[in-house]
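Undergrad: Just passing along the structure, written as structure tokens.
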Amino acid sequence: MRPIIAAIQNRHSTRNFLAQPVEPELIDTMIEAARLAPAACNLSHHRVLVIDQPEDLEVVRRAAYSMGAVAEAPLVLLHMADTSLDEPFRAMMEAMASDPNPAFDLSKLRSGRGAPFQLRVGREWALVNAALCGEHMMLQAVEMGLSGCWVHHFAHDEVREHFAIPAHIEFLALMAIGYAAKPVPASPGRGELRYPRYPANPAG
């Protein structure tokens, strides 16, 4: 098994693909990689729509302005997040807080500066969980010899209407996947990434 860093290093945005379809077993493996991604409280916010039929691909290509990676890809994965799943979790936490004999008392939890515990759920929570699944899928695709590209700009309403996707499902991106039409050139690198290490006492 190759180390994960190899897939990370070999991942490059590809916008030109062969007409060769992506094998169903490879699609299944990508979806399994997404299923195994970490998820807060084990809530699976991620939803993915596999788009590989000609009529559906045509709708998505037009929605993506008939340009870029989606224009040629034989497979497009629509990444989505179910923003309604935090409601059952919120209710569970509220029930826990009102339990006269809770396993642990949320009302007593305090931060380092004494701030009370705050339940941080909602849209951002769902999007983070779903984004982790998407990255798992992309790296798994690269590991299997495929290439891909994230596509953020597309007409959401056209895609939502065609596939009858309900309003509580929020779109993240389209992922164009396929076999690269030509070898992907070596990346020149991204330069030095800066991770500032702030002093413990900014005034010091």
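The values are calculated or read from the model by the stated rules, or taken from the named source; none is laboratory data. Just so it is clear, the structure is predicted and the values come from calculations on it, not from any experiment. Cβ coordinates were reconstructed from backbone atoms using ideal geometry, including for glycine residues, and neighbour counts include every protein chain displayed.
Undergrad: Quick check on segment 92-101. Is at least one of its residues at pLDDT below 85 and in contact with a helix residue (DSSP H, G or I) (Cβ under 7 Å, 6 or more places away or on another chain)?
TA: So far as segment 92-101 goes, yes, one or more of its residues are at pLDDT below 85 and in contact with a helix residue (DSSP H, G or I) (Cβ under 7 Å, 6 or more places away or on another chain).
Undergrad: Only residues that are under 13 Å from the mean Cα position of the chain (by Cα) and farther than 30 Å from residue 20 by Cβ: list them for segment 120-168, please.
TA: Once the filter is applied, which keeps residues that are under 13 Å from the mean Cα position of the chain (by Cα) and farther than 30 Å from residue 20 by Cβ, segment 120-168 yields 124, 125, 126, 127, 128, 129.
Undergrad: Would you point out the residue of segment 148-168, among those that are assigned to a helix (DSSP H, G or I) and of a type outside the set (Lys, Arg), that is surrounded by the most Cβ atoms within 10 Å (Cβ to Cβ)?
TA: In this case the residue turns out to be 159.
This table checks each residue for (1) surrounded by 10 or more Cβ atoms within 10 Å (Cβ to Cβ); (2) modelled with pLDDT of 70 or more; (3) more than 27 Å from residue 53 (Cα to Cα).
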| residue | (1), (2), (3) |
| --- | --- |
| 106 | yes, yes, yes |
| 142 | yes, yes, no |
| 145 | yes, yes, no |
| 173 | yes, yes, no |
| 200 | no, no, yes |
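Undergrad: Same structure again: Could you check segment 3-62 and list, in sequence order, the residues that are closer than 30 Å to residue 92 by Cβ, surrounded by fewer than 16 Cβ atoms within 10 Å (Cβ to Cβ) and at pLDDT below 85?
TA: Listed by number, the residues that qualify are 38, 40, 41, 42, 44.
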